[in-house]
Every structure is written in structure tokens, then in C-alpha cells.
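Please read the structure below before turning to the comments.
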Amino acid sequence: MSGTDALLWVYVALAFVAALALLASHWPRWAKALLVVGVSALYFLAETAFDDVWGWPSRHALPERFVLLAAVIEEPTRTRPGALYVWVNALEGGKPAPRPRAYQLPYSKDLHALLDEGMKKARQGIAQMGTAEPRRGPRGLSWLRPGSDEQNVKIRDLPLPQLPEK
């Protein structure tokens, strides 16, 4: 049994115990309501955790500095909004992170062209480094404003390492 299967069965068992508590207990209504809200919130938390565990591309923001490894472009159609999938290795303290990560970005023509150019250079053996900064906009609760989590992404050639003199 894999780790995700085990987590799924733990959640099923928790939901079963919660259902028993709702039906067979003499708890006050506020306690039962709190139990329903808690188990429901746990479901949504588990769902987002499973997306990260199952290997789907992250919808979180790109790292501030990264090395571009690969990109797949899904152009928009009448039925789909399109997306940009990138596989990057974050730069932490000037060194690559131990593991690369896949990200899903909303489609934009400018970013599509930028990623195309970066992948052409990467195929020629020129490593590509990127930076991502949040777009400036009104302050406040970003989850209330769709598109407020977008980033300004720039890609350039990775500088060659400077070797010490002999």
C-alpha cells in the first residue's frame, strides 16, 4: 500500500468515526456542527496535500530564482484556457535545490514566447536562469482578486561559473 493510499484510508476512517459520533452521541448541536466543519476542512486540506504528493504540477508561485529545465506549452482553445508547464530547479543561496519541481502557470503570449526562446537556447546547450517577482497591485486579500498571484517572469542565460586563478 502506498503512502497516498494509506492517507486516503485514514481519512475514510476519520469520516466514519465522525459519522458515528454525529449519529450515536448525545453531544450538543454546536459540538456536532464543529465536528462537521472540522472534518470538511480536513478534506480540503488533504486534497491540496494529495496534489503535491501525487506529482501534479504545483500552482504555487515560481521560486524567486530558478534554472529552467523544460517547458511544455498548452495553447488556449475554445474549450480550454491554455497553460504553461515548466520544470525548474530553484536556486537557494546560489546553489540548485536538491530536487526540481514542476509548475503550472496561466497562459500568456508573452510568457509563451519567452519560454520558447529559453528552451531553444537550452537545446543549444546554453543553460537558462529565470527570476520571478510578484506583479505589483492593490494590497489586501489576494484570494479575493483573481489574477493577483501572477508573476513577472524573466529568463536569461545562466552566467558561466567563475573559476579561481591558479
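The values are calculated or read from the model by the stated rules, or taken from the named source; none is laboratory data. Quantities reported herein were computed from a predicted structural model and do not represent experimental measurements. Quick reminder, even Gly has a Cβ in these numbers, built from the backbone with ideal geometry, and neighbours come from all protein chains shown.
Worth pointing out:
- Criterion: at pLDDT 80 or above, under 30 Å from the mean Cα position of the chain (by Cα), exposed (fewer than 13 other Cβ atoms within 10 Å of the Cβ) and farther than 30 Å from L160 by Cβ - qualifying residue of V17, V39, V12: V12
- When residues in region 123-145 are screened for being surrounded by 12 or more Cβ atoms within 10 Å (Cβ to Cβ) and modelled with pLDDT under 75, 2 of them pass.
- Per this entry, G82 is not counted among residues that are surrounded by 11 or more Cβ atoms within 10 Å (Cβ to Cβ), over 17 Å from the mean Cα position of the chain (by Cα) and modelled with pLDDT of 85 or more.
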